[in-house]
Amino acid sequence: MTGSIQAIRGMNDVLPDQVHLWEFFEDTVRDWLRSYGYRNIRMPVVEKTDLFVRSIGEVTDIVEKEMYTFIDALSGDSMTLRPEGTAACVRAVLQHNLLYGGPQRLYYLGPMFRHERPQKGRYRQFHQVGVESLGFAGPDMDAEHIVMCARLWRRLGLPDIALQINSLGSSEARARHRAKLVHYLERHLDRLDEDARRRLHSNPLRILDSKNPALQETIDNAPRLLDELDEVSLKHFEDLQTILREAEIVYEINPRLVRGLDYYNFTVFEWVTTRLGAQGTVCAGGRYDGLIEQIGGKPAPAAGFAMGVERLLALLEEYTFSPPMTPADAYLVHQGEAADRFAWRVAERLRDRGLHVIHHCGGGGFKSQMKKADASGARYAIIIGDDEAERAEVSLKPLRDLGEQVRAEVDEAADLIKG
Ligand code: ATP
Ligand code: MG
């Protein structure tokens, strides 16, 4: 039987008609990142499985059930399609000793893979813009990340993205809180679901992150990490808030905000919109001072965040944003032996002059070629018959506005097109 082969569920094609939105977003993001001094780093899409298990933590949604892990039949090694970028970025920085050159402001942009149930805003291949600042210890860097996000939302024209912040404190504070939390949850064992019971002793903080409505009341009344913060954690958190107020960034403290990944400490934050239903978090991040050491490097502080590109694009579409289309400058129509040959020279010459030219391929008469020229959206048709070829000229016909067809030499035509 021969059936047509479809893409893998939850992994999407981006078709040419949608791609201008992606390109607009990517261009805006690159420019925005440069304006804050961030440099691009590109890591492989596949890493050793161990990297993610060690960094993200075994008792997390990602490592427990979302990773695309496989044994490479040729080497026998266990490999994983990256579910996020932080671990790989830190791995690369350590492997190439980038921190010797001082602290680093880095970003990456690309596909991530998680085996989740596909739904609006949740895919198995999705894209993130990730930003990591390595070697910076203070709340000023946490603030920079938040301030720059706010600027990006403004630049994209996206209102209604609200900021929530919290502090996970130091590891001592978390240990104290954890003991109280486990004690509390044990007393309410009957109200916990299966996931929560499984995590009770391995990763109880994650229970606070549960989306099960039946658990919400229990979670609301649970001991709060915020109440356990020591002086150093509190100061970090307060200093951050001082900068945010100074920068006129509106925020809400959400004491239940924890991160799905093990390596966060001190500041965590999320940018959330109510306009995308349940998948409302468009950006999430925070500080992860322990990760570099956990991956085998010399201890160094770090902070970062990741944006979900599909969710931000969905938001852009909500606001019926339409980025400018960029049609070609000219569609090159040609018929006749001499004309066909001359057409190549003309097309390349026009491109030398910086013009975008579609060279008609596939033969056919003038009439059908002109229809294609029209449909292409190009601003001009460049028409070459054997007569034009003989005189080394072209005919230039405006397609988008009224105007005479004119005969000209190639460079003259280029000047006319450029206006
Ligand atoms: P969620 O609670 O929605 O599962 P998460 O905590 O797993 O999110 P992070 O690991 O913090 O998400 O990833 C950062 C951002 O990447 C998210 O806020 C979201 O915008 C986006 N993201 C995460 N998983 C997906 C996915 N499967 N499909 C599309 N976007 C995603
Ligand atoms: Mg998730």
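Tabulated results
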{"quantity": "Helices (runs of 4 or more DSSP H) wholly inside the stretch 308-404 that include at least 3 residues being under 27 Å from GLU26 (Cβ atoms)", "calculated": "309-318"}
{"quantity": "Exclusive hit being under 30 Å from the mean Cα position of the chain (by Cα) and either within 17 Å of GLU64 (Cα to Cα) or not assigned by TED's automatic domain parsing to the domain that holds ILE56 (or both), set ARG191, ARG224, ARG198, ARG206", "calculated": "ARG206"}
{"quantity": "Pair list, Cβ under 7 Å, 6 or more apart: the stretch 109-136 residue at pLDDT 95 or above and in a strand (DSSP E or B), other residue away from ligand 2 (no atom under 16 Å from the Cβ) and among the hydroxyl-bearing types (Ser, Thr, Tyr)", "calculated": "VAL129/TYR107; GLY130/TYR107; GLY130/TYR108; VAL131/TYR38; VAL131/TYR107"}
{"quantity": "Leading residue by the ranking (nearest to ligand 2 (Cβ to nearest atom)) among those in the stretch 282-307 that are touching a Ser or Thr at 6+ places or on another chain (Cβ under 8 Å) and assigned to a strand (DSSP E or B)", "calculated": "ALA306"}
{"quantity": "Qualifying residue in the stretch 374-384 (condition: among the hydroxyl-bearing types (Ser, Thr, Tyr) and at pLDDT below 95)", "calculated": "yes"}
{"quantity": "Test result for THR267, among the polar types (S, T, N, Q) and under 26 Å from LEU315 (Cβ atoms)", "calculated": "yes"}
{"quantity": "Residue under evaluation TYR107, criteria (1) surrounded by fewer than 18 Cβ atoms within 10 Å (Cβ to Cβ); (2) more than 16 Å from ligand 2 (Cβ to nearest atom), criterion not met", "calculated": "(1)"}
{"quantity": "Exclusive hit being over 23 Å from LEU158 (Cβ atoms) and within 12 Å of ligand 1 (Cβ to nearest atom), set ILE71, ILE56", "calculated": "ILE56"}
{"quantity": "Residue among LEU51, LEU81, LEU74 that is among the hydrophobic types (A, V, I, L, M, F, W, C) and either closer than 18 Å to MET307 by Cα or within 16 Å of ligand 2 (Cβ to nearest atom) (or both)", "calculated": "LEU81"}
{"quantity": "Total residues in the stretch 38-71, condition outside any helix (DSSP H, G or I) and within 26 Å of LEU106 (Cα to Cα)", "calculated": "15"}
{"quantity": "Residue match in the stretch 153-165 (condition: among the charged types (D, E, K, R), out of contact with any Phe, Trp or Tyr (no Cβ under 8 Å at 6 or more places or on another chain) and either in a helix (DSSP H, G or I) or under 23 Å from PRO301 (Cβ atoms) (or both))", "calculated": "yes"}
{"quantity": "One residue from SER376, SER322, SER368 being under 24 Å from GLU23 (Cα atoms) and either surrounded by fewer than 15 Cβ atoms within 10 Å (Cβ to Cβ) or among the aliphatic types (A, V, I, L, M) (or both)", "calculated": "SER322"}
{"quantity": "Hits in the stretch 166-221 (condition: in a loop (DSSP other than H, G, I, E, B), more than 20 Å from THR267 (Cα to Cα) and not small (Gly, Ala, Ser))", "calculated": "HIS188, LEU192, ASP193, LEU200, HIS201, LYS211, ASN212, ASN221"}
{"quantity": "Residue in the stretch 19-31 that is closer than 24 Å to ARG259 by Cβ and within 16 Å of ligand 1 (Cβ to nearest atom) present", "calculated": "yes"}
{"quantity": "Residue tally, condition away from ligand 1 (no atom under 16 Å from the Cβ) and part of a loop (DSSP other than H, G, I, E, B), over the stretch 232-262", "calculated": "5"}
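The values are calculated or read from the model by the stated rules, or taken from the named source; none is laboratory data. The structure displayed is predicted, hence computed values, not measured ones. In this analysis, Cβ positions are derived from the backbone assuming ideal geometry, glycine residues included, and neighbour counts consider all displayed protein chains.
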